[in-house]
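The values are calculated or read from the model by the stated rules, or taken from the named source; none is laboratory data. Bear in mind that the values here come from a model prediction, so they are computed numbers and not experimental data. Cβ atoms come from the backbone with ideal geometry, glycine included; neighbour counts cover every protein chain shown. We work out accessible area using only protein heavy atoms, side chains counted, and drop any ligands, DNA or RNA first. Shrake-Rupley method; radii C 1.70, N 1.55, O 1.52, S 1.80 Å.
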Amino acid sequence: MPTSLLVDYGCVISLPQPAAAVRALETAVPDVAPVDFWHGYWDLRLDYDRGMPDLDYWSGVLGRPATEAESTRLTELDIAGWSTVDERVTALLDRAVDAGVPLGLLSNAPVTMARALEAAPWAARFTSLTFSGDLRVAKPDAEAYLAAARALGAHPSEVVFVDDRPENIAGAHAVGMTALHHTSADALERDLGRHLPLR
């Protein structure tokens, strides 16, 4: 039976990037059209999540060598855009922790973003924080889930995993975890309550 909870960060704990944050990113470097910016942003994102250096990533996104100043600014804006927390979800996590459930994070996140997330107030409630940038491997690779389970001190069969992406849900199922597809805080409360105690 599951005894531990492992959750994703982006679009689970965090809300999607607000429109203002999207606009700030795509206009930060005026010589790159927004459509080209976002094409590069998402095409290279998994490489970035696996540990690609900030400067290399933003150079790829821009389609030309980025300056250090551009890389730093874009990284700051990117982190800020993913930093709005869904307080309804963190309240549910608090209820699980109060009920004695060990809580872990497994996030596909670049190294610089990982360091920022570790310092966020919400991170204090977690037993373990596992980031793809540190592992150099990302969901849905099996090793990402296994590393997170080890960090949490749990066997995969003891873990309930929550993510917003179907491919990551499938990856968790493949290693033996109970996996829940996150769609809303209300649905998460219902689904978690079927597997773990919530105080």
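Can you sort 1, 52, 113 by 1.4 Å-probe accessible area, starting with the largest?
Numbers: 1 185, 52 55, 113 15 Å².
Accessible-area ranking of 1, 52, 113, largest first: 1, 52, 113.
How big is Rg to Rh over region 16-80, alpha-carbon atoms, Rh as the Kirkwood inverse-mean-distance radius?
Values: Rg = 10.7 Å, Rh = 11.7 Å.
Rg/Rh for region 16-80 comes to 0.92.
With unit charges on the beta carbons (Lys and Arg positive, Asp and Glu negative) and the dipole taken about the Cα centre of the chain, which residue among 18, 39, 85 sits farthest to the positive side?
Of the options given, the answer is 85.
Return the FRET efficiency for the residue pair residue 118, residue 142: r is the Cβ-Cβ distance, R0 is 25 Å, and the value is rounded to the nearest 0.05.
Details: r = 24 Å, r/R0 = 0.97.
For residue 118 and residue 142, the calculated efficiency is 0.55.
I want to check the label-to-label distance for residue 19 and residue 157. Put each point 7 Å from Cα in the C-beta direction and report it in nm to one decimal.
My value for the distance between the label points is 5.0 nm.
Can you tell which of 99, 71, 61 lies farthest toward the positive end of the dipole of region 61-100, using +1 and -1 charges on the Cβ of basic and acidic side chains (Lys, Arg; Asp, Glu)?
Going by the charge dipole, the pick is 61.
Where the only charges are on Cβ atoms (+1 Lys, Arg; -1 Asp, Glu), what is the dipole of region 24-73 about its Cα centre, to the nearest 20 debye?
Working: 4 positive and 10 negative charges, 8 e Å.
Roughly 40 debye, rounded to the nearest 20.
Placing unit charges on C-beta atoms (Lys and Arg positive, Asp and Glu negative, everything else neutral), compute the dipole magnitude of region 60-133 about its Cα centre in debye, rounded to 20.
That gives region 60-133 a dipole magnitude of about 100 debye.
In debye, nearest 20, what is the charge dipole magnitude of the chain about its Cα centre with +1 on Lys and Arg Cβ and -1 on Asp and Glu Cβ, if you could check?
520 debye
Distance from the Cα centre of region 18-36 to that of region 148-199, in angstrom?
Spelled out, the Cα-based centre of one part sits 34 Å from the other.
Output the antiparallel fraction of DSSP beta bridges having both residues in the chain, as a percent to the nearest 5.
Values: 1 of 16 bridges.
Bridges in the chain that DSSP calls antiparallel: roughly 5 percent.
In Å, what Kirkwood hydrodynamic radius results for the chain from the alpha-carbon pair distances?
So the Kirkwood estimate lands at 17.3 Å.
Compute the angle between helix 34-43 and the longest alpha-carbon principal axis of the chain, please, reported from 0 to 90 degrees and rounded to the nearest 10.
In the chain, helix 34-43 runs at an angle near 50 degrees to the longest axis.
Find out how many positive minus negative residues lie around residue 52, taking Lys and Arg as positive, Asp and Glu as negative, among other residues whose Cβ is under 14 Å from that of residue 52.
Details: positive: 45, 50, 136; negative: 43, 47, 49, 54, 56, 78, 134.
Taking every Cβ under 14 Å from that of residue 52, the sum is -4.
Can you tell me the order of 79-88, 190-199 when each peptide is scored by its average per-residue count of other Cβ atoms within 10 angstrom, highest first?
Working: 79-88: 16.2, 190-199: 14.6.
My ranking of the peptides, most packed first, is 79-88, 190-199.
Summarise the long-distance tail of P(r) for region 83-199 by giving the % of C-alpha pairs beyond 16 Å. Mind dumping the intermediate values first?
Working: 4078 of 6786 pairs.
The calculated P(r) of region 83-199 puts 60 percent of pairs beyond 16 Å.
Heavy atoms only, probe 1.4 Å: what % of the accessible area of region 146-191 goes to carbon and sulfur, would you let me know? Provide the component values of the computation, followed by the final result.
Details: 990 of 1990 Å².
In region 146-191, the share of accessible area belonging to carbon and sulfur is 50 percent.
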